[in-house]
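Worksheet for the structure shown next.
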Amino acid sequence: MIGMGIAGACAAIEAAEAGATVVVLEGASGPGGSSSQSGGEVYLGGGTATQRALGVEDTEEDMRAFLTAALGPNADEAKIADYCAGAVEHHDWLVAHGAEFNHKLWDTPTWMPGDDSGLMWMGERAEPYASIARPAARGHRPPAPNFAGNVLMDALVATARKAGVTLHCDVRARSLIVADGRVVGVRATEFGEEREYRATRGVVLATGGFVDNDRMLEQWAPQQVGKDKVSDGRDDGSGIEMGMDVGAAVRRMHQTETAMLIIPRLAVGAMLVDGDGQRFINEEVYPGLYCHAAVHHRRPPVWVIIDEKGIEDVPESELWGMQPMHAAETIEELAADCGLPAEALADTLRRYNAGARDGQDPQFGKSSRWVRPLEPPFGAYPTGAGGPDSFNGLPLKPQGFTLGGLHTDLQSRVLDRAGEAIPGLFAAGRCTHGLHGEGYISGTSLGDGSFFGRRAGRGAAQGTG
């Protein structure tokens, strides 16, 4: 197996428990990969033990309907259906193999809870999704504030070691070995020395995406060029290119996720407006969705327009010490400061406030919990979609990662350009195209990688590729 992020760790555990002798090659000096640097959320539902303990009612059908809508258009509906059908079992498998999800719910919009909550909302209550599927909190996360990916990965890596998995670090895989049409091993270098590793049953690629490879970005996802990268610095696309070298097909290579430094608790009680002074989305949706829309689909600059009460309503711990970049007594003055058309922004505010007086948002359906008229004085927060690259000492430049990769089937077998499985070759995680279409919900990368990583490990152990 190549790579020891969450996909590689789960593949290794599953293969070892199936009786295989498992060797994992990791290019870094230690395991974890980009998964260790993530928020740690795993998107699971359908009535998991964690949900039930917190009184959250959910069904497989509602989970599937939400993900199909939120991850689309062009999401992989077959993989989504398979993932949702297995989500409860996968939750229990993760817990049995070291993961921990506290029975504590974080109830307001956020990127990552600031405490040890084990369940969070991912925009399921926001329209249009609330009308498509019954809302349920599905973001399962380890017991640590903010970035918790390392907690999850430490537990899974420890379980892999106990299962007898052998891990070789500082070993860089270079190419796959093929004999009689079957992938039978890996060529690699360790501190400059060439090595070959032979596999009797199968090889699993779990090498991450390609956001750190500018050449591949320019070819496949040019919209991400020049933006900051969310990775451990080793998402170089090597596994994708190794697969392509032996005939693998790739899928949805243009798809990326882009995020910005927006405080969700501020945005949900405010107006998110584009360079035309227009709202363009329900500010209650998961922030990954409005960030991607702002950067790739709206005219810059994009601002968060709020009032004094809106700022006061946000707990200090969630403000990150940020104050508005601009403040003004009138919306027209604020528009001038932000470089927005004054008449258009004033009209947007009038229409927003007209509905808000009745606790409604006729334009996008934001929940009454977050809707109220905005009153002077007004403030504006930059987003990074146009405007300054930093604010209050914090970077605003958009950052992201890739979502396309090797074409795999539901058993994590790598497919060639004719749609046939390449014998002996499996893959999972961000080196593959997983669940995603043009949308992204946090927790679906770790969820997808761990779920289909298990499939890859099982298939490699059984030699079924």
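The values are calculated or read from the model by the stated rules, or taken from the named source; none is laboratory data. No experiment lies behind these values; they were computed from the predicted model shown. Quick reminder, even Gly has a Cβ in these numbers, built from the backbone with ideal geometry, and neighbours come from all protein chains shown. With ligands, DNA and RNA removed, areas are computed over all heavy atoms of the protein, side chains included. Shrake-Rupley method; radii C 1.70, N 1.55, O 1.52, S 1.80 Å.
What FRET efficiency would be calculated for the residue pair A179, Q363, taking the C-beta separation as r and a Förster radius of 51 Å, to the nearest 0.05? E(calc), rounded to 0.05, equals 0.25. Under 14 Å from a label point set 7 Å out along the Cα-to-Cβ vector of M244, the amide N atoms of the stretch 192-216 belong to 209-216. Cα convex hull, the stretch 196-325: 168 Å³ per residue, rounded to a whole number.
Residues of the stretch 352-367 with an amide N closer than 14 Å to a point placed 7 Å from the Cα of S131 along the Cα-to-Cβ direction: 361-367.
If you average the alpha carbon positions of the stretch 38-64 and of the stretch 163-240, how far apart do those two centres end up, in angstrom? With the stretch 38-64 and the stretch 163-240 each reduced to a Cα centre, they are spaced 32 Å. Summarising the label geometry, the points placed 7 Å from Cα in the beta-carbon direction at A96 and E57 lie 2.9 nm from one another. Computed over the stretch 315-465, the quotient of the alpha carbon radius of gyration and 2.2 N^0.38 Å is 1.62.
Note on R299 and E332: their simple-model spin labels are 2.1 nm apart, each label 7 Å out from Cα toward Cβ. Heavy-atom accessible area, probed at 1.4 angstrom with all protein chains present, ranks K366, K397, K162 as K162, K397, K366, highest first. Here, the chain is characterised by an Rg to Rh ratio of 1.00, where Rg is the alpha-carbon radius of gyration and Rh the Kirkwood radius.
Taking 0.36 nm per intervening residue step and subtracting the Cα-Cα distance, what contour gain separates A163 from Q323 on full extension?
Here the segment from A163 to Q323 would lengthen by 52.6 nm.
The figure for V88 is an accessible area of roughly 50 square angstrom, using a 1.4 Å probe on the protein chains alone. For the chain, the fraction of 1.4 Å probe accessible surface lying on carbon and sulfur atoms is 48 percent.
Solvent-accessible surface of the stretch 1-139, averaged per residue with a 1.4 angstrom probe and all protein chains in place: 33 square angstrom. Using a 1.4 Å probe, how large is the accessible area of T166, given in Å² and rounded to the nearest 10? Around 60 Å² of this residue is reachable by solvent. Across the stretch 170-187, computed HN-Hα scalar couplings (Karplus, 6.51 cos²θ - 1.76 cosθ + 1.60, θ = phi - 60°) run 6, 10, 9, 5, 10, 7, 9, 9, 10, 9, 6, x, 10, 6, 10, x, 9, 9 Hz from first to last residue, x flagging Gly and Pro. Remark: relative contact order (the chain) = 24 percent; criterion is Cα-Cα distance under 8 angstrom and separation of 6 or more residues. For the chain, the antiparallel share of DSSP beta bridges with both residues in that region comes to about 75%.
In the context of the full protein assembly, S131 retains an accessible surface of approximately 90 Å², using a probe radius of 1.4 Å and ignoring ligands and nucleic acids. Calculated FRET efficiency, T189 to K104, Cβ-Cβ distance, R0 = 51 Å: about 0.65 to the nearest 0.05. If you sort W121, W303 by accessible surface, 1.4 Å probe, largest first, the order is W121, W303.
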